[in-house]
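*Asks:* Quick one: this structure, given as structure tokens, is what I'll be asking you about.
The values are calculated or read from the model by the stated rules, or taken from the named source; none is laboratory data. All values derive from a computational prediction rather than experimental measurement. Backbone-built Cβ (ideal geometry, glycine too); neighbour counts: all protein chains shown.
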Amino acid sequence: MKIEVFAAAEMAAQAAAAFIAAQAWAAVEERGRFIIALSGGRTPWRMFYLLGREELPWDRVHVVQVDERVAPAGHPDRNLTHLRKELLENVPLSDAQLHALPVEAADLDAAAARYGKELSALAGSPPVLDLVHLGLGPDGHTASLIPGDPVLDVTASDVAPTGVYQGRRRLTLTYPLLNRARQIMWLVTGREKAEMLTRLCAGDLLIPAGRVNRQQALVFADRAAAGETTSLESRERVCHNPGRD
């Protein structure tokens, strides 16, 4: 795992957007398309906006969701609401290229299974995503892999529902799918993330984020979030943890 540290969140978001664009072109050249899974959060909203101003082979791009809250269509709690506003409404992406988590379904278990099948049809069996973008919560969660939730132990499904967290149930990609991805990209900003970013960098298995595959993983962080993880003089650093990197 490598971490790149920037002076401000805006710079980290810009670098992350440029990295996604480069990965898209490389994937299209090698495999003919680019499949990216996107998370939510305030800093990613800015990254989405900046990504919409990058040159990408949009006709070859497929967007899937890492996780989503159970809420009505268009609700501000929905990651998809902000993804549409900041990115999808500003780029030439067809409805067939957007694969939204079906959180409006009455049966969340059945909805998760359907989404898993959709991903298999899109990305192979088992599905392998080109790039997964993740965030990091102050409690160490990533995606909607929440401390103490039974979803952490799901190994037989690539998509699963969670219990109630911050007032809402969710659908989330699970560890098996995340850990098959060709590339993991983290965007972590804010001083409240500093402790968990240090633990993530150390490969701490006691936090949900620490169980995500660290090979081919890259963290874009601002200086506030980096905290003790890296010195202020170093813009890039390899997070060392024997046997896991």
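*Asks:* Within the range 43-84, restricting attention to residues that are among the charged types (D, E, K, R) and under 18 Å from the mean Cα position of the chain (by Cα), which residue is nearest to PHE220 (Cα to Cα)?
*Replies:* Residue satisfying both the conditions and the ranking: ARG46.
*Asks:* So which residues in the range 29-42 are touching a residue at least 40 places away in the same chain (Cβ under 8 Å) and either of a type in the set (S, T, N, Q) or not in a loop (DSSP other than H, G, I, E, B) (or both), if there are any at all?
*Replies:* ARG31, PHE34, ILE35, ILE36, ALA37, LEU38, SER39
*Asks:* State all residues of the range 85-96 that are under 20 Å from the mean Cα position of the chain (by Cα) and outside any helix (DSSP H, G or I); if no residue qualifies, say none.
*Replies:* LEU87, VAL91, LEU93
*Asks:* What are the pairs, 6+ residues apart or on separate chains, where a residue within the range 43-58 that is closer than 11 Å to LEU187 by Cβ has its Cβ under 7 Å from a residue that is surrounded by fewer than 17 Cβ atoms within 10 Å (Cβ to Cβ) and among the charged types (D, E, K, R)?
*Replies:* From residues that are closer than 11 Å to LEU187 by Cβ, the pairs are ARG46/GLU10.
Results for (1) at pLDDT below 95; (2) within 20 Å of PRO161 (Cβ to Cβ); (3) exposed (fewer than 13 other Cβ atoms within 10 Å of the Cβ); (4) in contact with a strand residue (DSSP E or B) (Cβ under 7 Å, 6 or more places away or on another chain), shown as yes or no for each residue.
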| residue | (1), (2), (3), (4) |
| --- | --- |
| ARG69 | no, yes, no, yes |
| GLY74 | yes, no, yes, no |
| ASP77 | yes, yes, no, yes |
| ARG84 | yes, no, no, no |
| SER94 | yes, no, yes, no |
| VAL103 | no, yes, no, yes |
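*Asks:* So for the range 131-147 (the condition being closer than 29 Å to ILE3 by Cβ, in contact with a strand residue (DSSP E or B) (Cβ under 9 Å, 6 or more places away or on another chain), in contact (Cβ under 8 Å) with a residue 24 or more places away in the chain and assigned to a helix (DSSP H, G or I)), does at least one residue qualify?
*Replies:* no
*Asks:* Here is a further query. I'd like to verify a number: residues in the range 142-155 that are in contact with a helix residue (DSSP H, G or I) (Cβ under 8 Å, 6 or more places away or on another chain) and surrounded by fewer than 22 Cβ atoms within 10 Å (Cβ to Cβ), how many? Please lay out each step first, then the result.
*Replies:* Just the residues of the range 142-155 that are in contact with a helix residue (DSSP H, G or I) (Cβ under 8 Å, 6 or more places away or on another chain), to begin with: 142-147, 152, 154-155.
Then drop every residue that is not surrounded by fewer than 22 Cβ atoms within 10 Å (Cβ to Cβ), which leaves 147, 152, 154-155.
Counting residues in the range 142-155 that are in contact with a helix residue (DSSP H, G or I) (Cβ under 8 Å, 6 or more places away or on another chain) and surrounded by fewer than 22 Cβ atoms within 10 Å (Cβ to Cβ) gives 4.
Every residue, every condition in (1) of a type in the set (Phe, Trp, Tyr); (2) out of contact with any strand residue (DSSP E or B) (no Cβ under 8 Å at 6 or more places or on another chain); (3) assigned to a strand (DSSP E or B), yes or no:
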site: VAL5; (1), (2), (3): no, no, yes
site: ALA13; (1), (2), (3): no, no, no
site: ILE20; (1), (2), (3): no, no, no
site: LEU50; (1), (2), (3): no, yes, no
site: ARG53; (1), (2), (3): no, yes, no
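*Asks:* In addition: From the set of residues in the range 116-141 that are of a type in the set (D, E, K, R) and more than 14 Å from the chain's Cα centre (by Cα), which is surrounded by the most Cβ atoms within 10 Å (Cβ to Cβ)?
*Replies:* Of everything passing the filter in the range 116-141, GLU118 is surrounded by the most Cβ atoms within 10 Å (Cβ to Cβ).
*Asks:* From the set of residues in the range 55-67 that are outside any loop (DSSP other than H, G, I, E, B) and not β-branched (Val, Ile, Thr), which is surrounded by the fewest Cβ atoms within 10 Å (Cβ to Cβ)?
*Replies:* ASP59
*Asks:* Looking at the structure I just gave you, is GLU4 more than 22 Å from ASP95 (Cβ to Cβ) and crowded, with 18+ Cβ neighbours inside 10 Å?
*Replies:* The answer is yes for GLU4.
*Asks:* Determine the pairs where a residue that is assigned to a loop (DSSP other than H, G, I, E, B), located within the range 97-124, has a partner that is among the polar types (S, T, N, Q) with Cβ atoms under 7 Å apart, the partner being 6 or more residues away or on another chain.
*Replies:* Close Cβ pairs satisfying both conditions: ALA100/GLN65; LEU101/GLN65.
*Asks:* Here's something else I'd like to know. Tell me the strands (runs of 3 or more DSSP E) entirely within the range 151-245 that contain at least 2 residues that are modelled with pLDDT under 95.
*Replies:* Passing ranges, in order: 236-238.
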